[in-house]
Amino acid sequence: MFDYATHNFENALRQAKGDIIFLADQDDVWMPNKVERVMANMNDCDILFHGRKVVDSNLQVIQEFAMPHPEFWRNIKSCTTTGCCTVFKRKILDKVLPFPESGVGHDFWIGVYGGFFYKRKFLKESLMLFRRHGNNVTPSNTRSNNPILMRLRYRIIILWEIVKVCLKNAVW
């Protein structure tokens with residue numbers, strides 16, 4: 001159930017050399033101050049999430065501000081974590097790889113895992129333009145058209161992967 005995008009991101013992340021990891025999609029636009037603002041806030045956290053403006057293919061704003069929900073359970077419910085708005089330290093990368101083969105998206109897995117096991121921070125700034133168009137790999141910011149059982153299954157898979165990590169690391 002491993003998809004190509006997740007597989008490609010895993011291969012790319014295995015090549016990362018730095019201590020701070022930024023994910024990027026080819027069709028999004030970073031604000032000129034993104035790296036500066038993120039780096040100024042990484043000293044007191046392990047994973048950072050920032051806001052974004054959702055835009056169309058012509059960079060016209062569709063949604064003024066969006067970011068993952070800071071509460072773990074609310075984020076699981078709404079699946080709002082996106083990799084392009086997530087920055088994390090190498091120590092998280094070393095733990096999240098290899099990505100689960102159960103079909104969890106790479107960005108959501110990093111965000112959920114990092115947000116659950118590490119110190120997280122949320123910047124309420126839009127540091128990028130998140131482009132939505134007809135060819136996106138992920139669905140738009142509108143409500144999912146997937147059947148409720150499919151959405152529920154995805155969340156159960158994510159929670160099961162977190163439980164497996166907890167069990168694997170438990171000291172009995």
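Restricting the first member to the stretch 6-24 and to residues that are farther than 24 Å from Asn41 by Cβ and in a helix (DSSP H, G or I), and the second to residues that are open to solvent by less than 30 Å² (accessible area, probe 1.4 Å) and among the β-branched types (Val, Ile, Thr), the beta-carbon pairs closer than 9 Å and six or more apart or on different chains are Thr6/Val104.
For the stretch 124-131, the condition of being surrounded by fewer than 12 Cβ atoms within 10 Å (Cβ to Cβ), at pLDDT 85 or above and over 24 Å from Gln15 (Cα atoms) holds for at least one residue. Scan the stretch 147-161 for residues that are among the β-branched types (Val, Ile, Thr), more than 11 Å from Trp109 (Cα to Cα) and surrounded by 13 or more Cβ atoms within 10 Å (Cβ to Cβ) and report the count. Number satisfying all stated conditions: 0. Taken over the stretch 31-72, residues that are at pLDDT below 90, surrounded by fewer than 18 Cβ atoms within 10 Å (Cβ to Cβ) and not aliphatic (A, V, I, L, M) amount to 8.
Does the stretch 85-103 hold any residues that are more than 11 Å from Ile162 (Cα to Cα) and of a type in the set (Val, Ile, Thr), and which are they? Can you show your working first?
Of the stretch 85-103, the ones more than 11 Å from Ile162 (Cα to Cα) are 85-95, 97-99, 101-103.
Answer for the stretch 85-103, where residues must be more than 11 Å from Ile162 (Cα to Cα) and of a type in the set (Val, Ile, Thr): Thr86, Val87, Ile92.
Scanning the stretch 6-56 for residues that are farther than 11 Å from Lys89 by Cα and polar (S, T, N, Q) gives Thr6, Asn8, Asn11, Gln15, Gln26, Asn33, Asn41.
The values are calculated or read from the model by the stated rules, or taken from the named source; none is laboratory data. The structure presented is a predicted model; accordingly, all values stated were derived computationally and were not measured. With ideal geometry, Cβ positions are generated from the backbone for all residues, glycine too; neighbour counts draw on all protein chains shown. Quick note on the areas: whole protein, heavy atoms, side chains included, nothing else; ligands and nucleic acids left out. Shrake-Rupley method; radii C 1.70, N 1.55, O 1.52, S 1.80 Å.
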